[in-house]
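The values are calculated or read from the model by the stated rules, or taken from the named source; none is laboratory data. Predicted model only: the values in this text are computed from it and were never measured. Cβ atoms come from the backbone with ideal geometry, glycine included; neighbour counts cover every protein chain shown. For the accessible areas, the whole protein counts, side chains as well, though only heavy atoms, and no ligand, DNA or RNA atoms are used. Shrake-Rupley method; radii C 1.70, N 1.55, O 1.52, S 1.80 Å.
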Amino acid sequence: MELYIDTANLEDIREIAHWGILSGATTNPTLLSRESGNYDEIICEICDLVGGPVSAEVMSEDAEGMVKEAERLVSLHKNVVIKVPMLPEGLRAARELSKRGIKTNVTLVFSANQALLAARAGASYVSPFVGRLDDIGHDSNAILTEIVEVFSVNEFSTKVIAASIRHPLHVTQAALLGCDIATIPPAVFHKMVKHPLTDKGIASFKADWEKAQAEA
Ligand code: G3P
């Protein structure tokens, strides 16, 4: 499973990109609204930092407007992928963009049937929001399982991005269930890398080494 970063914060992206484990990034209007500066420049810089697909969302409500916005966004950088909302107009836009060779990520997906529609519209990616499903008492694992199975049985090339990740267990579950990608907030990356036994082990190796050196 590939790991994307789910933020528009350049400092956080720079830091995690240095770990050498990122394959891409996802943004959304909320994430961009938290940053200051020119959004086009931020998107370009994210593209350069991660060296892979970067989702940028369109805000129009009709397919024509979405396609127009998409054409401008993809002209910013070759890594830009267009996020379109899971709506009839979003599906129309995904179909049109796919005809033009522009990659899309259908976002705000909460069911296997929505994912099926996105795949049939020619989406390159679908983003089921696991955290928001869990928030309202639904079983995000069951829905991810269905989406992965539907895509496998039907031999769709559309990739599944587990999004709205809230904690490290969501990442493990996405990987176990066969998602292609998990898009992860910086804070969750920091939790994933930590383990108390790792810290304890490093401290005891260091202490033993220093003791041996002192006695040599
Ligand atoms: O990028 C979309 C998604 O990951 C949003 O997550 O935490 O706002 O539900 P969240």
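Loop-located chymotrypsin sites (Phe, Trp or Tyr not before Pro) across the range 1-64 with a Cβ neighbour count of 14 or fewer within 10 Å are Trp19, with loop assigned by DSSP.
For the chain, the 222 nm mean residue ellipticity estimated from helices alone, with every DSSP H stretch of n ≥ 4 adding -39500 (n - 2.57) and the total spread over all residues, rounds to -16000 deg cm²/dmol.
For the chain, the mean projected area of the C-alpha convex hull, equal to one quarter of the hull surface, is 14.4 nm².
The residues of the chain expose on average 52 square angstrom of accessible surface per residue, using a 1.4 Å probe on protein heavy atoms.
Straightening the chain between Cys44 and Lys206 buys 54.1 nm, computed as 0.36 nm per residue apart minus the Cα-Cα spacing. Per-residue 3J(HN,Hα) values for the range 175-182, derived from phi via the Karplus relation 6.51 cos²θ - 1.76 cosθ + 1.60 with θ = phi - 60°, read 5, 5, 7, x, 5, 6, 8, 10 Hz in sequence order (x marks Gly and Pro). With all protein chains in place and a 1.4 Å probe, the accessible surface of the chain carries 54 percent carbon and sulfur.
With a Förster radius of 41 Å applied to the C-beta separation of Glu71 and Ala187, the computed FRET efficiency comes to 0.75.
Under the convention that each Lys and Arg Cβ holds +1 and each Asp and Glu Cβ holds -1, the size of the dipole of the chain around its Cα centre is about 280 debye.
Of Asp48, Asp40, Asp139, which has the most accessible area with a 1.4 Å probe, and how do the rest follow in descending order? Numbers along the way, then the final one.
Details: Asp48 110, Asp40 45, Asp139 90 Å².
Result, largest first: Asp48, Asp139, Asp40.
Pairs of Lys residues in the range 2-215 are counted when their Cα atoms are under 28 angstrom apart and they lie 8 or more places apart or on different chains; the count is 20.
Dividing the mean sequence gap of close Cα pairs (under 8 Å, 6+ apart) by how many residues the range 75-216 holds gives a relative contact order of 16 percent.
Give me the net charge for the shell around Val81: Cβ to Cβ below 11 angstrom, other residues only, Lys and Arg +1, Asp and Glu -1. Numbers along the way, then the final one.
On the way: positive: Lys78, Lys83, Lys103, Lys159; negative: Glu57.
That sum, taken over residues with Cβ under 11 Å, equals +3.
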